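The values are calculated or read from the model by the stated rules, or taken from the named source; none is laboratory data. None of these values were measured; they are calculated from a predicted model. A quick note on method: Cβ atoms are made from the backbone with ideal geometry, for glycine too, and the neighbour counts reach across all protein chains shown.
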Amino acid sequence: MSRRPARVPDVLAAVDLGSNSFHMVVARYSNGQLIVIDRLRDMVQLASGLDEEGRLDKDVASRALACLKRFGQRLADVHADGVRVVGTSALRRARRKQAFIERARDALGHPIEIIAGREEARLIYSGVCQMLPPEPGNRLVVDIGGGSTELIIGRGLEPLELESMNLGCVGISQRYFGDGKLSAKRFARARLAAQQELEPVQETYLKRGWDSAAGSSGSVRTILEAQKEMDPKATVITAEGIEALIELLARVGSIPAIPLASVTEERRSVFAGGLAILAEIFAQLKIRQMRWSEGAMREGLLWDMIGRYTDEDARDRTVRSMQQRYHVDLAQAARVEQTALRLLSQVQESWQLDDPLAEQALAWASRLHEIGLDVAHSGYHRHGAYLLENADMPGFAREEQLLLARLVGSHRRKLLLEGLDDLIPPWDERSLYLILILRLAVLLHRSRSETPIPDVTLVGKPRTLELRLRIRSFREHPLTAADLNDEVEYLRVRGLRLRVLTS
C-alpha cells in the first residue's frame, strides 16, 4: 500500500488557474473545519489570450506568470505545507503548453495539474456543498467560468450527474459582444448558442430532477448583485430578474454604458456573456430561483486534499471502482503491487523516485494493469492503456491519468516508449523507471500462484538494471527463466541492459 502523511498539514492552499480569473485560497484545518486565512484573486483572462489554434498570447502569458509569482511569494510567506494547483478549460484547450506550464511551475514553486471537465465539475460540487447547509433531496449546482460551464446534480456530498460544457463567459462575450455593443438581437444569438450546448444534457437533468439550485463563480455572484441593485428586496437569482437585466443592457446599448455599480470594470467585458448563459440555463432547465454559494472549485480542492491525508482519497475510490467494473483479479493485483513497491523501495534513491506520486502511480498501475482483459486477452495491455487514458476518473488530474496509461500500456511484451515525451517533466523521464519496475513485478507473478516468489533484489543504474534472485538455479523455474530471457531482449532493443543473477 502507498504511504500517507501522518496528519493534515498545518497550512493548506488551493490555486485555481481559471480561464477568466486566477484564485488562491489558504486555510488551516482544525477540528474538522477549514478556517480560511487568506484569499487572492487576479483577473488574468487567460482564455482571451488563446487564438483559434489554441496558441497563447505572449502578453497574456506574461500577465499570468506575474500573477503566479505573487501567489508563490504569498505561499512561501504563510509556509503552506500542502498545495494543489490546477488548470481548467483554457489550459485544456491550449496547444504547445508545456513550456508555459514549466515556467508557471517555476514562478509559483509548485507543480500544476490540468484536470478534465468532469473532474472540475466534481470539485466544484464539493466546494459548493461544503459551504452550504445540508439539505434533503437533490441539489443542482451551476458554475459559469471563463471557458466552460459545469452543471452538477447531487445528493448530500455525492454527485449524481456531472457535465462540463464548452461554454464560458469569455468566449460568448468575445463572440457576440466583443465590440462592446449590446442589443436584444445579440442577446438572442448568444442565448441560442448556449441553448445548443445545453440541449444534449437537458433531458437527462430534467429527468433526474432537483429540489434546490445553487450557483458559484464570479459571473453568478455578479448577476445576483446586479439583480439586488435593481431590486433591493431580492435575495436569490430569479428568471424574472435575469430577463430584467438583459432588457436593461439591451436598452443602454453598450458595455461602457452599463449603469450598474455592481458590474465592476474588470467584470464588464464578460458580464453580458455570463448573463446570456445563465438565462438559457434557467430557461432550458426550468429553474425558478438560485442562491449563490461562496464555495467553488478551490474549496473543493482543499477538501479533496484533506481526504487524501485522512485515507479518503477520491483516487483510491476510483481505482477500486474500476477494479470492480472491469472484473480485476484482486489477489493477483495485490501480489503484483506488493512486489512492485518492494522493488521500488530498492531503487528509489538511485533512480530519484522518492516523489510520493512515484509510489502512488506504481500502486495504482499494479491494481489496474489487467483491466484490459475485460475487453480482450489479445493485446490487453493496450486496451487497458486506452481505458485509463479516456475514462472519467474522479480525483485524477489529466497528467496522472496519462502516466497510468503509459505504465499499463508498456507493462508487457515489447517495451513501448511512445507517448512518454508527452508527460510533464520530470515524469517524461521517470516514467520509464516505473515501467521497468512494473514489468518485472508482473513477470515474477506470471504463474498467478499464491506461493511466495523467491527473494528479489533490484539494483538500478541509468541504463542498466540488475535483478538478483535467491534461487539455486533456473532449472527449478524454467518458465521464469524463459520470461526473463525475453525481457532481456525487449530491453536490449531499447538500449537498456538487464542482468539477472541467482544466488
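Side notes on the structure shown:
- Of all the numbered requirements in (1) buried (at least 19 other Cβ atoms within 10 Å of the Cβ); (2) within 24 Å of Trp303 (Cβ to Cβ); (3) out of contact with any Phe, Trp or Tyr (no Cβ under 9 Å at 6 or more places or on another chain), Lys97 misses one, and that requirement is (2).
- Reported count of residues in region 331-371, each being more than 13 Å from Ala441 (Cβ to Cβ) and without any contact (Cβ under 8 Å) to a residue 40 or more places away in the chain, is 3.
- Selection status of Arg118, surrounded by fewer than 24 Cβ atoms within 10 Å (Cβ to Cβ), part of a helix (DSSP H, G or I) and under 18 Å from the mean Cα position of the chain (by Cα): yes
- Every listed requirement among (1) surrounded by fewer than 24 Cβ atoms within 10 Å (Cβ to Cβ); (2) in contact with an Asp or Glu (Cβ under 6 Å, 6 or more places away or on another chain); (3) assigned by TED's automatic domain parsing to the domain that holds Asp38 is met by Met165 save one, (3).
- Qualifying residue in region 236-255 (condition: modelled with pLDDT under 95, among the charged types (D, E, K, R) and more than 28 Å from the chain's Cα centre (by Cα)): no
- The one condition from (1) under 20 Å from Ile144 (Cα atoms); (2) outside any helix (DSSP H, G or I) that Glu266 does not meet is (2).
- Residue, modelled with the lowest pLDDT, within region 142-188, restricted to residues that are β-branched (Val, Ile, Thr) and under 13 Å from Ile277 (Cβ atoms): Val170
- Any chance Pro394 is outside the structural domain of Leu357 (by TED's automatic domain parsing) and either part of a loop (DSSP other than H, G, I, E, B) or without any contact (Cβ under 8 Å) to a residue 12 or more places away in the chain (or both): no
- Check on Ala244, assigned to a helix (DSSP H, G or I), in contact with a Phe, Trp or Tyr (Cβ under 8 Å, 6 or more places away or on another chain) and not assigned by TED's automatic domain parsing to the domain that holds Leu34: no
- Residue check, Val15 outside any loop (DSSP other than H, G, I, E, B), at pLDDT 95 or above, within 19 Å of the chain's Cα centre (by Cα) and β-branched (Val, Ile, Thr): yes
- Region 274-327, subset part of a helix (DSSP H, G or I) and among the acidic types (Asp, Glu), residue surrounded by the most Cβ atoms within 10 Å (Cβ to Cβ): Glu299
- Residue, nearest to Ala333 (Cα to Cα), within region 368-426, restricted to residues that are surrounded by fewer than 19 Cβ atoms within 10 Å (Cβ to Cβ) and among the polar types (S, T, N, Q): Ser378
- The single condition from (1) surrounded by fewer than 22 Cβ atoms within 10 Å (Cβ to Cβ); (2) in contact (Cβ under 8 Å) with a residue 12 or more places away in the chain that Ser62 fails is (2).
- Only a single criterion out of (1) out of contact with any helix residue (DSSP H, G or I) (no Cβ under 7 Å at 6 or more places or on another chain); (2) surrounded by fewer than 22 Cβ atoms within 10 Å (Cβ to Cβ); (3) aliphatic (A, V, I, L, M) is not satisfied by Leu40, namely (1).
- Filter result for Arg7 (of a type in the set (Lys, Arg) and not assigned by TED's automatic domain parsing to the domain that holds Gly109): yes
- Checking Arg95 against (1) touching a residue at least 40 places away in the same chain (Cβ under 8 Å); (2) within 18 Å of the chain's Cα centre (by Cα); (3) in the same structural domain as Leu46 (by TED's automatic domain parsing); (4) in a helix (DSSP H, G or I), the condition it does not meet: (4)
- In the set (1) in contact with a Lys or Arg (Cβ under 9 Å, 6 or more places away or on another chain); (2) surrounded by 11 or more Cβ atoms within 10 Å (Cβ to Cβ); (3) outside any strand (DSSP E or B), Ala482 fails one condition alone, (1).
- Exclusive hit being small (Gly, Ala, Ser), over 30 Å from Glu400 (Cα atoms) and touching a residue at least 24 places away in the same chain (Cβ under 8 Å), set Ser449, Ser503: Ser503
- For region 281-315, the candidate set comprises residues that are charged (D, E, K, R) and within 16 Å of Ser217 (Cβ to Cβ); within that set, the residue that is farthest from the chain's Cα centre (by Cα) is Arg291.
This table checks each residue for (1) over 22 Å from the mean Cα position of the chain (by Cα); (2) not aromatic (Phe, Trp, Tyr).
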site	(1), (2)
Ala358	no, yes
His369	no, yes
Leu373	yes, yes
Tyr380	yes, no
Tyr386	no, no
Phe396	no, no
Arg406	no, yes
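- When we screen Leu467, Leu403, Leu498 for residues that are under 30 Å from Val86 (Cα atoms), touching a residue at least 12 places away in the same chain (Cβ under 8 Å) and not in a loop (DSSP other than H, G, I, E, B), the only hit is Leu403.
- Of all residues in region 194-216 being surrounded by 13 or more Cβ atoms within 10 Å (Cβ to Cβ) and without any contact (Cβ under 8 Å) to a residue 60 or more places away in the chain, the one that is nearest to Val141 (Cα to Cα): Val201
- Any hit, region 22-30, residues being closer than 26 Å to Trp427 by Cα, modelled with pLDDT of 95 or more and exposed (fewer than 15 other Cβ atoms within 10 Å of the Cβ): no
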